[in-house]
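Before any comments, here is the structure.
The values are calculated or read from the model by the stated rules, or taken from the named source; none is laboratory data. Since this is a predicted model, take the numbers as computed values, not measurements. Please note: Cβ atoms are built from the backbone with ideal geometry, for glycine as well, and neighbour counts cover all protein chains shown.
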């Protein structure tokens with residue numbers, strides 16, 4: 001019986017000291033644990049949230065870690081500036097969320113470089129951001145499938161507001177796509193769902209060379225500033241490329257909710273110790289502590305009976 005009690009108490013001590021690794025919030029900005037967004041990305045683990053304070057960050061971010069969220073405090077004042085070099089944000093993994101930024105000044109001559117570039121990346125979300133003055137606003141490139149693009153203002157791109165290449169089943173809705181050379185260019189792609197967007201004053205509003213993408217959802221299409229009269233809006237490109245249900249008025253673009261972990265025991269802020277080490281939350285600690293407590297109490301009761 002003493003062995004059981006000692007073992008339980010030993011487990012209790014271990015749990016007190018290390019707990020279980022859980023999700024954390026990594027804070028970026030002046031006076032925070034991280035001064036660059038990339039350094040926080042490099043330190044993050046799956047499930048972590050990177051919270052970015054207001055300011056201008058001259059960076060070319062590369063995200064290769066699955067399941068992290070990068071969230072700006074204020075999309076007008078939290079700026080990622082690529083300084084005309086490559087992509088501002090390049091995502092090469094799955095289940096990433098980008099929200100709450102101004103993303104600007106990407107460089108490079110290829111269509112895979114963009115304000116936000118997704119390469120062979122699935123189930124990501126690009127939301128609630130201002131994406132402007134880029135060569136390409138957002139690029140969904142080479143087998144980047146099942147992504148969501150929503151709540152964005154995508155404007156003043158030298159080539160394309162959104163470029164989709166050999167990628168499918170993406171949902172692009174609730175965006176303002178304005179004053180780009182081409183609003184959306186869909187190349188060699190199919191079964192993407194593009195609806196409830198505003199296409200305003202793009203030189204060419206849209207291009208779809210396969211004609212196999214859907215430009216409306218449940219009889220609700222997009223608003224086209226160049227639309228004349230009623231009837232389907234014909235999209236440049238392949239046969240059958242059209243919006244059969246164009247909207248007569250502009251869509252009111254709204255921020256979309258971001259799926260994040262709860263702020264309960266499963267999601268606590270990162271604690272930064274004086275010596276610079278980080279300590280993450282322990283989502284299973286309370287349950288584990290309860291189990292150990294039950295074992296200890298049971299052992300003590302059995303001991304009394306003896």
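Worth pointing out:
- Matching residues, the range 246-263, being modelled with pLDDT of 90 or more and crowded, with 17+ Cβ neighbours inside 10 Å: 246, 247, 251, 253
- Some residue of the range 70-80 being in contact with a helix residue (DSSP H, G or I) (Cβ under 9 Å, 6 or more places away or on another chain) and modelled with pLDDT of 95 or more: yes
- Out of 141, 112, 119, sole residue that is modelled with pLDDT under 95 and assigned by TED's automatic domain parsing to the domain that holds residue 161: 112
- Test: residue in the range 151-173 that is without any contact (Cβ under 8 Å) to a residue 24 or more places away in the chain and surrounded by fewer than 20 Cβ atoms within 10 Å (Cβ to Cβ): no
- Taken over the range 117-140, the residue count meeting the criterion of being more than 16 Å from the chain's Cα centre (by Cα) and surrounded by 24 or more Cβ atoms within 10 Å (Cβ to Cβ) is 3.
- The set of residues in the range 233-245 being part of a loop (DSSP other than H, G, I, E, B) and under 19 Å from residue 162 (Cα atoms) consists of 235, 238, 241.
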